[in-house]
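Enquirer: Structure provided below as structure tokens; questions to follow.
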Amino acid sequence: MLPLVNQAPVLVGFRPSWSGPAEPEEDLSAVSPEERRRLRRMISNRESARRSRARKQRHLEELRGQAGRLRFQNHELADRLGGLARRCLLLRQDNDRLRAEASALCRRLADLRREVALRQFHRLAAPLPLGAHYELAWASLMV
């Protein structure tokens, strides 16, 4: 008898070339060696196909799981990117406002420096008061 380990039951006397229904045979001695090899190959091929289908199913489930994880990760990254884009826009607006403020302050400082220089020039150009000391005039320029 053929050793069948972890295999589905098989009709031993099954002969697909017969036109009649399959009949189980009690005695394997009536089956030719070629027919036994053919039956063993057929059983082996069926088991191989079953293992292949199971492997394919496991692989498909792994791919589905991976696709789900990647979709979730993609959603999280898209949300994060949106938040960063909004923050970047706010920072750019603050930066533009601060640059404009710095530019206005630079213009005001330049105006004040011109005014101070003009006042100093007018002091130097003004005649010294009678009796005033030369040092007092220079001291007023330092202020």
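Enquirer: What are the residues in the range 29-45 that are open to solvent by 70 Å² or more (accessible area, probe 1.4 Å) and in contact (Cβ under 8 Å) with a residue 24 or more places away in the chain, if any?
Expert: Of everything in the range 29-45, those that are open to solvent by 70 Å² or more (accessible area, probe 1.4 Å) and in contact (Cβ under 8 Å) with a residue 24 or more places away in the chain turn out to be ARG36, ARG40.
Enquirer: Got a sec? Which of LEU84, LEU98, LEU91, LEU112 is among the aliphatic types (A, V, I, L, M), open to solvent by 80 Å² or more (accessible area, probe 1.4 Å) and under 20 Å from the mean Cα position of the chain (by Cα)?
Expert: Working: LEU98 fails: under 20 Å from the mean Cα position of the chain (by Cα); LEU91 fails: under 20 Å from the mean Cα position of the chain (by Cα); LEU112 fails: under 20 Å from the mean Cα position of the chain (by Cα).
None of the others qualify; the one that does is LEU84.
The values are calculated or read from the model by the stated rules, or taken from the named source; none is laboratory data. Here the structure is a predicted model, which is why all the values come from computation and not from measurement. Glycine also receives a Cβ, built like all others from the backbone with ideal geometry; neighbour counts cover every protein chain displayed. Accessible surface is based on the protein model in full, side chains and every heavy atom, while ligands, DNA and RNA are left aside. Shrake-Rupley method; radii C 1.70, N 1.55, O 1.52, S 1.80 Å.
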